[in-house]
1. If a residue has to be over 16 Å from residue 231 (Cα atoms) and in contact with a helix residue (DSSP H, G or I) (Cβ under 9 Å, 6 or more places away or on another chain) to count, how many in region 312-342 make the cut?
2. At least 1 residues that are assigned by TED's automatic domain parsing to the domain that holds residue 311 and of a type in the set (S, T, N, Q) in each: list the strands (runs of 3 or more DSSP E) lying fully within region 186-295 that qualify.
3. Within region 211-235, can you find the residues that are among the hydroxyl-bearing types (Ser, Thr, Tyr) and either out of contact with any Pro (no Cβ under 9 Å at 6 or more places or on another chain) or crowded, with 20+ Cβ neighbours inside 10 Å (or both)?
4. Please list, ordered by first then second residue, the pairs with beta carbon atoms under 6 Å, 6 or more apart or interchain, first in region 216-238 and more than 13 Å from residue 249 (Cα to Cα), second among the hydroxyl-bearing types (Ser, Thr, Tyr).
5. If you check 19, 58, which single one turns out to be β-branched (Val, Ile, Thr) and either under 29 Å from residue 238 (Cβ atoms) or modelled with pLDDT under 95 (or both)?
6. May I ask you to list the residues in region 315-337 that are surrounded by fewer than 11 Cβ atoms within 10 Å (Cβ to Cβ) and either outside the structural domain of residue 273 (by TED's automatic domain parsing) or assigned to a helix (DSSP H, G or I) (or both)?
7. Taking strands (runs of 3 or more DSSP E) that do not extend beyond region 89-167, which have at least 1 residues that are of a type in the set (Val, Ile, Thr) and under 28 Å from residue 308 (Cα atoms)?
8. Go through the residues of region 104-112 one by one and say whether even a single one is without any contact (Cβ under 8 Å) to a residue 24 or more places away in the chain, surrounded by fewer than 22 Cβ atoms within 10 Å (Cβ to Cβ) and touching a Lys or Arg at 6+ places or on another chain (Cβ under 6 Å).
Amino acid sequence: MDISVGSKYKDRVYRFYDVVKGAKTCLVVTHNNPDPDSISSAFGLSYLFEKKFGGKAVIGYKGIIGRAENKAMVEELNIKLEPFYRLNPEEFDCIALVDTQYRAHNHPLRIIPDVVIDHHTILSEETEVPLADFRPEYGACATIITEYLIIYGVEIPPDVATSLFYGIKTDTRDLSRKSTDSDIEAYKFLFPLLDREKLARIEYPKLPLEYFRSLHNALGEAWLYNDIAISSIGTLYRPDLVAEVAEYLLRIEGVRWSIAIGFYRGDLYISMRTDASEEADASEVIRGIIDDRGSAGGHNVMAGGYIPEVPHEEREKLVQEIIDRAVKKLLRFSEKITPVPLIPPKNSQ
């Protein structure tokens, strides 16, 4: 990899040494219900800490590892993750937060970390954090971590390379979405180092029956508002299903925006995708929809958010409010639109 691609960020990379030097233990925290990019970033950074600085790193997360591909990734690559409730952050010499920001609130940390590394739209400068390496133009946080490993001269073993490659692959949709030269270079650099057999097993795992039942329900509850597809899924068997459904709905011919909404353990989760980012930034749209009732963030083409602890009797009304806000914000024409079911009722002609 030509590390000159990330040369303007080298000072931040070297700043990492100044921040963590002398630390014997490091807690690396992902965002809640971590996806492959978040898991691989934590895995890569913990490996760097242990190999370069000789300390012990622990990866902490809140929520679940729900998607079959994510579970396969953790199992195949032997990635050790600890539920956050079992950890005491104050017992660690340093704390790093990856693939999110401290003020994003989609993570379990309640104390200021020493390091934050992220590639999402910047919510604030977070000047209280000793090292805040934000690169919103990057397609994946795993790309940033790959550059850290290369610049520090650390040899990348197959399992770490496979995880980072898969993190980049999923967040950039095979470099087709929001990818930069840095993402492409990291992708090419990691490819010959990865374990292809493990990657294949990660990408094509066996899927539980509940997945197909939930997908059937999500499609049955999807409606088309001209070029906007929205699915109100209801109860989720895992929270990251909304992201998967939003990705799926965006593939419908003529659809430019897709939204999936559902509830997991009383919390509302929402995911948004678009191929019309020249018209609006998905992260800004979803923050406007969620408002101050929860937290949200993302990129120009993909974003997500959640609202915690929604009483059961208020859920239907809240979902309708969100749908109304989204349609009003995203419709390109002002006339009233009558939504059409994606899958017509069986008795319709």
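The values are calculated or read from the model by the stated rules, or taken from the named source; none is laboratory data. Everything numeric here is computed off the predicted structure, so don't read it as measured data. Methodologically, a virtual Cβ is constructed for each residue, glycine included, from the backbone with ideal geometry; neighbour enumeration extends over all protein chains shown.
1. Selection size over region 312-342: 2.
2. On the way: elements: 222-225, 228-235, 257-264, 267-274.
Hits in region 186-295: 228-235, 257-264, 267-274.
3. Selection gives 211, 214, 231, 232, 235.
4. 236/264; 237/214
5. Of the residues listed, the single one that is β-branched (Val, Ile, Thr) and either under 29 Å from residue 238 (Cβ atoms) or modelled with pLDDT under 95 (or both) is 58.
6. Correct list: 317, 328.
7. 94-98, 115-118
8. There is no residue in region 104-112 that is without any contact (Cβ under 8 Å) to a residue 24 or more places away in the chain, surrounded by fewer than 22 Cβ atoms within 10 Å (Cβ to Cβ) and touching a Lys or Arg at 6+ places or on another chain (Cβ under 6 Å).
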